[in-house]
1. Could you tell me whether the range 23-32 includes any residue that is free of Cβ contacts under 8 Å to residues at least 60 places away in the same chain, closer than 19 Å to residue 133 by Cα and touching a strand residue (DSSP E or B) at 6+ places or on another chain (Cβ under 6 Å)?
2. Pairs please, first residue from the range 98-125 and free of Cβ contacts under 8 Å to residues at least 12 places away in the same chain and in the same structural domain as residue 83 (by TED's automatic domain parsing), second anywhere and buried (at least 20 other Cβ atoms within 10 Å of the Cβ) and not in a loop (DSSP other than H, G, I, E, B), Cβ atoms under 9 Å, 6+ apart in sequence or on different chains.
3. Condition (residue is surrounded by fewer than 15 Cβ atoms within 10 Å (Cβ to Cβ), more than 15 Å from the chain's Cα centre (by Cα), at pLDDT below 85 and within 16 Å of residue 206 (Cβ to Cβ)) applied to the range 121-140: is it met by at least one residue?
4. For the range 55-70, enumerate the residues that are buried (at least 20 other Cβ atoms within 10 Å of the Cβ) and either under 16 Å from the mean Cα position of the chain (by Cα) or not assigned by TED's automatic domain parsing to the domain that holds residue 36 (or both).
5. Based on this model, can you work out whether residue 96 counts as within 16 Å of residue 163 (Cβ to Cβ), at pLDDT below 95, within 14 Å of the chain's Cα centre (by Cα) and in a loop (DSSP other than H, G, I, E, B)?
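The values are calculated or read from the model by the stated rules, or taken from the named source; none is laboratory data. Here the structure is a predicted model, which means the values were calculated and not measured. Don't worry about glycine lacking a Cβ; one is built from the backbone with ideal geometry, like all the others, and counts go over all protein chains shown.
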């Protein structure tokens, strides 16, 4: 896997480069700001671009805007956003794209899981931080949304939105794959979402539900 890294914190940038190198991957470029980021990605055409959301020169949303530009120009390039805090302003639009991930920076410390998530994004899959998923689901939920789901089904829904397969969910929750398959069927049935064996399509289905409920106009109050 060929990787471009854009992160203004030197120690984290160098740590990410070492992490990918130790994992058998090649870091083809490393940048500390966003000024020539899109040109760098276009020139190297990596499998994965790892971008900090806030970078110089303004420390606002440079990474997120660069992610949008990169995905529009080269949708086959995986983009993994990193952030110190949860920021969902741009994420709702980006999660609908294949090969996209958004993780909080402390997830880097779980090296094996971080590399697995990075590789999944590079292959065109999804990797969403559980806290980001929770924020997105919370934004989309009305008073009675998801109320029919059991506590376990809500857990499964969150892991589906992270991009995990049934096998991955089974390992995370210490359940059999058959049990997870049953939970997934129930979740999709209760949410009125068609089932699919494609993991990314499952994420799109869940987040399409989130987006639809977030945009749905509120019912008028009774007079």
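1. No, the range 23-32 has no match at all.
2. 116/127
3. Taking every residue of the range 121-140 in turn, at least one turns out to be surrounded by fewer than 15 Cβ atoms within 10 Å (Cβ to Cβ), more than 15 Å from the chain's Cα centre (by Cα), at pLDDT below 85 and within 16 Å of residue 206 (Cβ to Cβ).
4. Within the range 55-70, 63, 64, 66, 67, 70 qualify.
5. Considered against the rule, which asks whether it is within 16 Å of residue 163 (Cβ to Cβ), at pLDDT below 95, within 14 Å of the chain's Cα centre (by Cα) and in a loop (DSSP other than H, G, I, E, B), residue 96 comes out as yes.
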